[in-house]
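Here is the structure we will look at.
What follows is calculated from the coordinates using simple rules that are stated; it is not laboratory data. Just so it is clear, the model here is predicted, and its values are computed rather than measured. No Cβ is skipped: glycine too gets one built from the backbone with ideal geometry, and neighbour counts run over all protein chains shown.
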Amino acid sequence: MSEAAKEVQKKEATTTEKGEHTRAGRVYTPAVDIIERKDDIIVIADMPGADETSVDVTLEKNELTIYGKVEPEVPEKHALHLTEYGIGDYKRTFTLTEEVDRNNIQATVKNGVLRIILPKGEAVKTRKIAVRAET
Amino acid sequence: MLWSDLERFGLALDPWRDFERVNRALTGWNAPTSVEFPAVNVWVAENNAVVTSELPGVAPEDIDISVAGKTLTIRGSRKSEELKEGESFHRRERWHGQFTKTLEMPFSIESGKVEAKFVKGVLNIALPRAEAEKPRKISVISV
């Protein structure tokens, strides 16, 4: 088995020592690409099994959290023969920098891929504080 | 011993802490080890099999499924995000490239009746058992 193949496996989210979920089932950390463009930053996350009705993107202070709820689909009257991947929800949190315009964040989902556009706002102007000589 | 006695000395021990840690370590053993990409789940019934695989972001037309006898082959590819000038990756964890996976089913497949769906980035292939191979009941006639 090559090293590259190992990397593409689903990673289960690490829970804090005492943290417990209120919902039964596993929670995975989605793999993400973050691309910085001239006017915005794009976050792309693989969340197979989730769609626009089951993905939540929340912004609280500086923390952007994505949560995708996945309902496992089990074929009727079939017995599980081989399991290579687990099914569960997705969760990941990002910390935003000051430059992101929080009012114009857009998110779309297609084929199980979440795409969030974080537009850069007006550049934070550096303020200059005049220093006067004390007389 | 009273646990609150310990707390008074600043030794706030959670009696369940160690159990929890061991429990996590043990249950983690069941996690599947490395498998050939893409990972699949297979369900089997007497006359049908269902194969599912997570292929987010792959266009349905880029998935190629072929069936021969007992074997199922899934091929496909996903392109990496293309960057224009002045754009850069801060993080790059998502997979990209071509993949091929071959699976053997417990029975021969009726290739003309295979159905594949691709919903929310999850591929679902229904593989019915070949008619010729289905078990038949033979009635015994008394002479």
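What the table shows:
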{"item": "Eligible lysines near A:K61 by straight Cα distance, threshold 22 Å, same-chain separation 8 or greater", "result": "A:K91, A:K120, A:K125"}
{"item": "Residue-count net charge about B:P128 - beta-carbon cut-off 12 Å; Lys, Arg +1, Asp, Glu -1", "result": "-2"}
{"item": "Order of A:I35, A:I116, B:I138 under a 10 Å beta carbon neighbour criterion, fewest first", "result": "B:I138, A:I35, A:I116"}
{"item": "Region A:50-95: GluC sites (Glu not before Pro) falling in loop per DSSP and having at most 12 other Cβ within 10 Å", "result": "A:E52, A:E76"}
{"item": "Loop trypsin sites (Lys or Arg not before Pro), region B:50-143 (other Cβ atoms within 10 Å of the site Cβ: 10 or fewer; DSSP)", "result": "B:K84, B:R136, B:K137"}
{"item": "Sites A:H81 and B:V22 - FRET efficiency at Förster radius 25 Å, r taken between beta-carbons, to 0.05", "result": "0.20"}
{"item": "Set of region A:44-67 residues, backbone N closer than 20 Å to the point 7 Å along the Cα-Cβ line of A:T95", "result": "A:44, A:58-67"}
{"item": "Whichever aspartates and glutamates have a C-alpha closer than 19 Å to that of A:K69, once near sequence neighbours (fewer than 8 apart) are set aside", "result": "A:E12, A:E20, A:D46, A:D51, A:E52, A:D56, A:D89, B:E54"}
{"item": "Pairwise FRET efficiency - A:E12 versus B:V119, Cβ, R0 = 25 Å, nearest 0.05", "result": "0.60"}
{"item": "Radius 13 Å from Cβ of A:I42, net charge of other residues (Lys, Arg +1; Asp, Glu -1)", "result": "+1"}
{"item": "Cubic angstrom per residue, convex hull over Cα atoms of region B:19-143", "result": "183"}
{"item": "Estimated FRET transfer efficiency (A:T108, B:E131; beta-carbon r; R0 41 Å; 0.05)", "result": "0.40"}
{"item": "Size of electric dipole in region B:67-143: Cβ of Lys, Arg +1 and of Asp, Glu -1, about Cα centre, debye, nearest 20", "result": "220"}
